[in-house]
Amino acid sequence: MRIGELSTKTGVSVRALRYYEEQGLLAAERSESGQRHYGDKAVDRVRLIQQLYAAGISSASIREMLPCVVTGVASPQVLAKLRGHRSSVVKQIEDLQDTLRQLDSVLAGAVKSHESGVPCAPD
C-alpha cells in the first residue's frame with residue numbers, strides 16, 4: 001500500500017509516517033519512481049508506534065524495542081528498559097484510574113445536587 005493509504009488506515013498523517021521512517025521505526029520499499037510501498041503489517045506497526053508514543057516512550061526507545069516485537073528476543077539491557085517503560089505505563093494507568101474515581105465522585109455529587117435543586121457551583 002502507498003503512504004496515503006497507510007495514513008488513511010491508521011489515522012496517522014503522511015508527515016508523521018515519513019518521520020517514523022526517518023527515525024528507523026517504519027520501513028518502506030521504494031518503487032522505481034521513488035514512491036513508498038508498505039506491507040500489510042505496516043498498519044499494526046504504526047498502531048503500536050502510536051501506542052508507545054502515547055505512553056510517553058521516545059522514538060529512540062521505540063526503535064530499540066521494535067525488533068523485540070518481531071523476533072521475541074531482547075538483550076538484557078533492552079529488557080531492563082522495557083521493564084522500566086512497563087512500570088511507567090502501570091503508574092499512568094493508576095493515575096488515570098484515580099482521576100476517573102475523582103470524576104465519578106464529582107458527577108455523583110452533581111447529580112445529587114441537581115436532584116435536590118441545589119446548583120453545583122465552581123469554587
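Coordinate-derived values only; no laboratory data. Quantities reported herein were computed from a predicted structural model and do not represent experimental measurements. Reconstructed Cβ throughout: ideal geometry from the backbone, glycine too, with neighbour counts over all protein chains shown.
Across the options Leu100, Ser33, Ile57, the greatest Cα extent toward the positive end of the charge dipole of the chain (unit charges at beta carbon of Lys, Arg, Asp, Glu) belongs to Ser33.
Amide H neighbours of Leu26 under 5 Å, at least 5 residues apart or on other chains, H built in the peptide plane: list them. The list, which skips near neighbours in sequence, is Glu21. If you take the Cα centroid of the range 1-26 and the Cα centroid of the range 54-111, the two points sit 23 Å apart. Model label points for Asp95 and Glu5, set 7 angstrom from Cα along the Cα-to-Cβ axis, are 4.0 nm apart.
Divide, for the range 1-73, the radius of gyration over alpha carbons by 2.2 N^0.38 Å, where N is the residue count. Provide the component values of the computation, followed by the final result.
Values: Rg = 12.0 Å, N = 73, 2.2 N^0.38 = 11.2 Å.
Its radius of gyration relative to the 2.2 N^0.38 Å reference: 1.07.
In order along the range 42-48, the Karplus-derived 3J(HN,Hα) couplings, from 6.51 cos²θ - 1.76 cosθ + 1.60 at θ = phi - 60°, round to 4, 4, 5, 5, 5, 4, 5 Hz, and Gly and Pro are given as x. Using only alpha-carbon positions in the chain, the gyration tensor eigenvalues give semi-axes of 41, 22, 10 Å once each is multiplied by 5 and square-rooted (largest first). From the Kirkwood radius over Cα pairs of the range 74-117, Stokes-Einstein at 25 °C and 0.890 mPa s returns a whole-number translational diffusion coefficient of 189 µm²/s.
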